[in-house]
Amino acid sequence: MPIRCEIVSQDRMVWEGDADIVIIPGTEGEMGILPRHAPLLSTMKFGILKVRTQGREEVFAISGGIVEVQPDIVTVLADAAENVEEIDVARAEAARQRAEEFLKAGPPPDTDAYLAMEAALRRSNLRLEAARRYRRGVSRPTDYGEGGSTTGRG
């Protein structure tokens, strides 16, 4: 019996479907959500979110947000979310270089601009690392299966 999963960013529905397990980068640590999980509301950190279903895995770069878990649905409301297969590596690299150059110039008088640029650098680094580490095809088989471990490599 799968659990429904919806991943939503500020501008679009990123992914929706049934999952055997959803692995979330919570601010207090990684969480594995299985069907019939107890209700939960949590914040998420920058990190990798994985959705495993029928021996396949979808991987997403998540830039913070919140997650609501009910026994039959996981709703991810991400500040930004992107399937690793959709990451534009050249664009992420250019954004990283812009952010690094801005930050090398030292703290500007506008603290908000500095914090925004730090966040942009963190997001670019996450996107580049996610693409490097997880991009292998549209989806790929996993070690997870009926009665298998949820702590596989990744």
Among the residues of the stretch 9-32 satisfying the criterion of being in contact with a Leu (Cβ under 7 Å, 6 or more places away or on another chain) and closer than 11 Å to MET44 by Cβ, which is surrounded by the fewest Cβ atoms within 10 Å (Cβ to Cβ)? PRO25
Just give me the residues in the stretch 4-38 being over 15 Å from GLU58 (Cα atoms) and either touching a Pro at 6+ places or on another chain (Cβ under 7 Å) or not assigned by TED's automatic domain parsing to the domain that holds ILE62 (or both), in sequence order. PRO35, ARG36, HIS37
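Only one residue in ASP72, ASP79 is within 18 Å of TRP15 (Cα to Cα), surrounded by fewer than 13 Cβ atoms within 10 Å (Cβ to Cβ) and modelled with pLDDT of 90 or more. Which one?
Values: ASP79 fails: surrounded by fewer than 13 Cβ atoms within 10 Å (Cβ to Cβ).
Checking each option against the conditions leaves just ASP72.
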Exception for GLN10 within (1) modelled with pLDDT of 95 or more; (2) within 17 Å of the chain's Cα centre (by Cα) falls at (1)
Failed condition for ARG122, given (1) outside the structural domain of ASP20 (by TED's automatic domain parsing); (2) within 23 Å of ASP11 (Cα to Cα); (3) without any contact (Cβ under 8 Å) to a residue 60 or more places away in the chain; (4) surrounded by fewer than 18 Cβ atoms within 10 Å (Cβ to Cβ): (3)
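The values are calculated or read from the model by the stated rules, or taken from the named source; none is laboratory data. Here the structure is a predicted model, which is why all the values come from computation and not from measurement. Using ideal geometry, Cβ is built from the backbone for each residue, glycine included, and neighbour counts are taken over all protein chains shown.
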